[in-house]
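Single-structure report; data block below.
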Amino acid sequence: MTSPHRNRGLSTLEMAFVLVITGLLVAISVGRASLPSYPRDGSDAQALAALQREVFDAVLEYARRYHRLPCADGNIGAGLDPDGREGAGELGCGDVSANRLGHVPFRTLGLDAPSADEARLYTRLRYAVYRSGAVDLTSAQPPSWQQDAAPRMLPGDGPYAGRGAFLRALRLAAAQPRDDTNPYLTGDDGPLGTLDCVGNKRPNVAFLVLSTGVRDADLDGDLFDGPHTPLTVNSRCFAAPGTPTTEHYDDTVIAIGFDRLAGELLTVGRR
């Protein structure tokens, strides 16, 4: 005997309930799809962030060892290829107004020569350092290995020789009024105020490493965004570290001030 309920269809109330649930699910999925997202290529973003941190740490280690900061690789501009050494060719760091901003001097820092893929990432980094007539943080005589084809650390370079002089230079730099011809920070569009290189000028820094991120977020044809575009050898204003990624900005800055760098130097031997 056939049950009278086996082939019964959905009632009007049940059908309405199904339609309501289906509509809610569709609305949620559409809503999620329409939320703004600021994609980063996962592998490139991670590799670029790791390289930026490696360079920053290498500059700290260089400062601990040689009690000076390297100037930037000044081979920047039309027809010039970065060679990974500080300064510009045989001129070295040159006058204090030169080589404040440029490519990363990876050979000077003792970092390995980059592979083809790493070389592509290096083009997305810039290094800036404080140099003025009153205080030039790159002024000490560089170690002789910087001129070698294969950079190496010299065993005779002790970690304490000249440290006091460098600490005094950092204290003097910290006491100087802000110098707009040297790298300085602006806000973060958050607690530190707006990204405004004119109306929100914050302190100078000892050095910084800037990364473009992996996309041209502001769609201006230049990978650098925000206050970093257009980036030239005369650029001095940089977004504060921690500035969030947005639809129109994905650069990152790692920077260190004079007092904090002095603190880093004083930790040698206590790690």
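If you roll a 1.4 Å probe over the range 172-271 with all protein chains in place, what percent of the accessible area is carbon or sulfur?
Answer for the range 172-271 is 55 percent, counting heavy atoms of protein chains only.
Got a number for the accessible area of TYR184? Probe 1.4 Å, square angstrom, nearest 10.
20
On average, how much accessible surface per residue is there in the range 166-271, in Å², for a 1.4 Å probe, leaving out ligands, DNA and RNA?
Dividing the accessible area of the range 166-271 by its residue count gives 46 Å².
Modelled label-to-label distance, ASP222 and ALA134, 7 Å Cα→beta-carbon offset: nm?
Label at ASP222, label at ALA134, 2.9 nm between them.
The values are calculated or read from the model by the stated rules, or taken from the named source; none is laboratory data. Keep in mind the model is a prediction, meaning the values are calculated, not measured. All Cβ positions, glycine included, derive from the backbone under ideal geometry; neighbour counts span all protein chains shown. For accessibility, only protein heavy atoms count, side chains too; no ligands or nucleic acids. Shrake-Rupley method; radii C 1.70, N 1.55, O 1.52, S 1.80 Å.
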